Amino acid sequence: MANLVDRYLLFRLRTKLDSEAFARLYDRYVEAIYRFSILKLPNTEDAQDVTAETFTRAWQYVHDHKEITDIRALLYRIARNLIADRYRQNATVSLSESVTFGGPGASTIQSGLDPSDRGKEKDLIEARADLALVVKQLEMLKEDYRDVLTLRLVDGLPFAVIADILEKKEGNVRVIYHRALKAIKKQD
C-alpha cells in the first residue's frame with residue numbers, strides 16, 4: 001500500500017510539480033532520512049543539514065524531469081551521497097563521535113523531570129549506552145556492511161530497495177547483509 005501511495009504522489013509530482021504531493025512525501029520520509037543521517041554523521045546539525053539538502057535535491061531532481069522509479073530509494077541515495085561528500089570534506093571525523101552522552105537530550109535527563117519520569121531516565125541512559133556499543137561495532141565494519149545493516153535493520157527496508165539505493169544487485173546486497181552479520185558475530 002505504501003508503494004502505491006508513493007507512486008501516486010510521484011505521479012502528481014512529475015505531471016503537475018505538485019508541491020502538496022512533495023510535502024506529503026517529505027512528511028512520509030523525513031524521519032527515516034534523518035535517522036539514516038544521524039547514524040552516519042558526527043552531530044545533529046550535520047544530520048539536519050543533510051536531511052534538508054536531500055529533499056532540496058530531490059525537488060530539483062523532479063523539477064529537472066529526470067526519471068524516478070522509487071522515490072524512497074532516490075532519497076536514500078541522495079542522502080548517502082551527501083554524507084559521503086561531508087566525510088570527504090572533513091576526513092578526520094569518526095563515526096563513534098555521533099553518539100554523544102551530553103547531547104541535547106542529556107540535560108533534560110538530569111534536570112526538569114517529573115518524578116513519575118525518573119524510571120524513564122534509566123531506560124534512556126541504558127538505550128544510549130546500547131546505541132554507543134552498536135555504533136562502535138558498526139564502525140569496525142566495511143562501509144558496505146554498515147550501509148546494508150543500517151538500511152535493513154534500522155530502517156526496515158527490503159533488499160530490493162537497498163539494492164536500488166546502493167546501486168547493486170539484490171543478490172549482492174543479500175550476500176553483503178549475511179557477511180555483515182557474520183562479521184558482527186565474530187566481534188563478540
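The values are calculated or read from the model by the stated rules, or taken from the named source; none is laboratory data. As the structure is a prediction and not an experimental result, all values here were calculated from the model. Heads up, the Cβs are rebuilt from the backbone with ideal geometry, glycines too, and the neighbour counts pull from every protein chain shown.
Listed here are the helices (runs of 4 or more DSSP H) enclosed by region 99-188 that have at least 2 residues being modelled with pLDDT under 85, farther than 28 Å from Asp70 by Cα and not aromatic (Phe, Trp, Tyr): 106-110, 118-139, 170-187.
Can you find, within region 16-71, the residue that is farthest from Val148 (Cα to Cα) among those that are assigned to a helix (DSSP H, G or I), among the β-branched types (Val, Ile, Thr) and without any contact (Cβ under 8 Å) to a residue 60 or more places away in the chain?
Going through region 16-71, the residues assigned to a helix (DSSP H, G or I) turn out to be 16, 19-40, 44-63, 71.
Subset that is among the β-branched types (Val, Ile, Thr): 30, 33, 38, 44, 50-51, 54, 56, 62, 71.
Narrowing further to those that are without any contact (Cβ under 8 Å) to a residue 60 or more places away in the chain: 30, 33, 50-51, 54, 56, 62.
Values: Val30: 19, Ile33: 15, Val50: 19, Thr51: 19, Thr54: 19, Thr56: 25, Val62: 26 Å.
Ranking the qualifying residues of region 16-71, first place goes to Val62.
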